[in-house]
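Everything below concerns the one structure shown next.
Every number here is computed from the coordinates shown, using simple stated rules; none is lab data. Quantities reported herein were computed from a predicted structural model and do not represent experimental measurements. For neighbour counting, all protein chains shown are included, and Cβ atoms are generated from backbone atoms with ideal geometry for every residue, glycine included.
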Amino acid sequence: MTSINVDKYKLSDKTARLTAKDIIPMIQSSDSAETREFLQKVSELLIDYVNIQNDRKEKILDFHHPEDMKKLLKLDVPAEAVTLQQLLKDCAITLKYQVKTGHPHFFNQLSCGLDVVSMAGEWLTATANTNMFTYEIAPVFILMENVVLTKMREIIGWNGGDSILAPGGSIANLYAFLAARHRMFPDYKEHGARALPGELVMFTSDQSHYSIKSCAAVCGLGTDNCVMVPSDENGRMIPTELERLILERKSRGQIPFFVNATAGTTVIGAFDPINAIADISEKYNCWFHIDAAWGGGLLLSKKYRHPRLSGVERADSVTWNPHKLMGALLQCSTIHFKQDGLLISCNQMSAEYLFMTDKLYDISYDTGDKVIQCGRHNDVFKLWLQWRSKGTEGFSKHMDHLMELTEHQVRRIKQQSDKFHLIMEPECTNVSFWYIPRRLRGVPHDARKEQELGKICPIIKSRMMQTGTLMVAYQPDDRRPNFFRSIISSIAVTEADVDFMLSEIDRLGQDL
């Protein structure tokens, strides 16, 4: 085991006793030896942690219940400054008890793994510590963002358009909603609800991310006017049901204006039928948004893009999160629009103290007036650097590798059909399955057995966390009780790691 040794990172006696007032920027120096020593020790700790995360013999987590964890950590905010040595210890103990999401046996979230180049980009970003609202203060990063987002729109299949990096996929979806309403009812920006000729209604799959429904709540439609369209047994929206529900709401005098399709649902990884939904959206003059926050990475794959994302270029807007399948560090979320000018028209507030029109450069590069949050973290550099490290072809192979590992997992589950039950063939890297303990092997598969298998999932998960060897998520859905849903989005994962996942679940659960 190579766990973090909290006492390893020792400063010299002199530096150890200092506090933050004794290093840059509190002291005026172009090269403070004490500052350099402190940062080098922090860097040493971080590099050790990178290596530890990739050690398969290392635990994913050292689990403690919240009340016990509070006793292990010093979380108080003191009246007096602590020493630099204590700050180093604080950093080390934080990583000691943090979940190692870059560990090859962490299959728990849509965003996992640790791309070292992307991480290096995040280190630089934190050091540069600039805001992304004007070219004036972020000239290099603004140009990078322009290049990367233009490339992503080209991959979607558009010539032109506009994009922005947003703080998470939920906010990206909100941007799509706002733009859709603005295009159809531009007077809403000034006059609010009285500019609307009637009650607006939107449509999304019953398997979609909750942020779509949240848009209806946040933006004044009300969740009753976010219509949940039934999905088929594989989790895909049923187009005929979408059309039926649009007609039903029109008959009530409501105005359908927004349809969301999901490309990679959170739980099952299902891809809604894009072309069929696009046809219906066009027929009833609805904005067509695709939430590809999870599955968007497959746009880079020649092998797996079609048929999953066929027709994506017909969308009016697309959410795509590189921090998920592409492995960029959190957070890195993008929203793309086919029509240029909507972002600025919808969100512009023309704050003269920030967005003057008489600057010495082309102010079209200022992005702050296109967004609702003003201040924006630099999320592009880590993605730009990662993309350069792989090339587009390398990213394509990366996506193929993740999907091929998923196919390997499905084969291994089928080969061990006495121990595992595959719920459905996956479209993305989500694999949904039950584990079958010894007492239930050979028992016919029916609803009663599924209820028993569902009870087993949380017990196995608790054992995973207590032993620290593995993390795989479980959850119920509207058709079945608890089941395991493993995610492969880390480039570190190998076939042997997938095999370990299944064997470890068997080891932890066979006596249940």
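Assorted remarks:
- Full extension of the chain between Phe63 and Gln466 gives 144.5 nm of extra length, using 0.36 nm per residue less the Cα-Cα distance.
- Extended-chain gain in nm, criterion 0.36 nm per residue less alpha-carbon gap, Glu154 and Glu407: 88.2 nm
- Computed lengthening from Ile491 to Asp418, 0.36 nm per intervening residue step minus Cα-Cα distance: 23.3 nm
- The alpha-carbon atoms of the range 334-448, seen along their principal axes, cover 77, 36, 24 angstrom, with the largest extent given first.
- Under the Karplus curve 6.51 cos²θ - 1.76 cosθ + 1.60, θ = phi - 60°, whole-Hz ³J(HN,Hα) for the range 472-479, x wherever Gly or Pro sits: 9, 7, 9, 5, x, 9, 6, 10
- Estimated vicinal HN-Hα couplings, Hz - the range 237-247 in sequence order (Karplus 6.51, -1.76, 1.60; Gly, Pro = x): 4, 9, x, 5, 5, 4, 5, 4, 6, 4, 5
- Spatially, the range 153-167 and the range 426-479 are offset by 39 Å when compared through their Cα centroids.
- Reported to the nearest whole Å, the Cα centre-to-centre distance from the range 67-96 to the range 314-341 is 37.
- In terms of packing, defined here as the mean over residues of other Cβ atoms within 10 angstrom, the peptides 56-66, 471-481 line up highest first as 471-481, 56-66.
- FRET efficiency, 1/(1 + (r/R0)^6) with R0 45 Å, evaluated for Ala20 and Tyr210 via beta carbons: 0.65
- 3J(HN,Hα) from dihedral phi, the range 128-135, Karplus parametrisation 6.51/-1.76/1.60, rounded to Hz, x for glycine, proline: 5, 6, 10, 9, 9, 8, 9, 4
- Residues Val227, Val443, Val148 arranged by fewest to most Cβ contacts within 10 Å: Val443, Val148, Val227
- Shape class for the range 103-191, computed from the alpha carbon gyration tensor (a ≥ b ≥ c): prolate, with a/c not under 1.5 and a/b above b/c.
- Distance histogram for the chain (every C-alpha pair counted, 10 angstrom bins, percent rounded to whole numbers): 4, 17, 24, 25, 19, 9, 2, 0
- When the Cα positions of Ser417, Gln510, Met399 are compared along the charge dipole of the range 371-512, Gln510 comes out farthest toward the positive end, with charges on each C-beta of Lys, Arg, Asp and Glu.
- Alpha-carbon gyration tensor eigenvalues x 5, square-rooted, for the range 13-100, Å: 28, 19, 8
- Modelled label reach - Ile137, point 7 Å along Cα→Cβ, the range 355-380 residues with backbone N closer than 16 Å: 355-356, 366-379
- In a simple Cβ point-charge model (Lys, Arg +1; Asp, Glu -1; nothing else charged), the range 13-100 has a dipole of about 220 debye relative to its Cα centre.
- Sequence-distant residues sharing a close amide H with Ile24 (under 5 Å, placed H): Thr35
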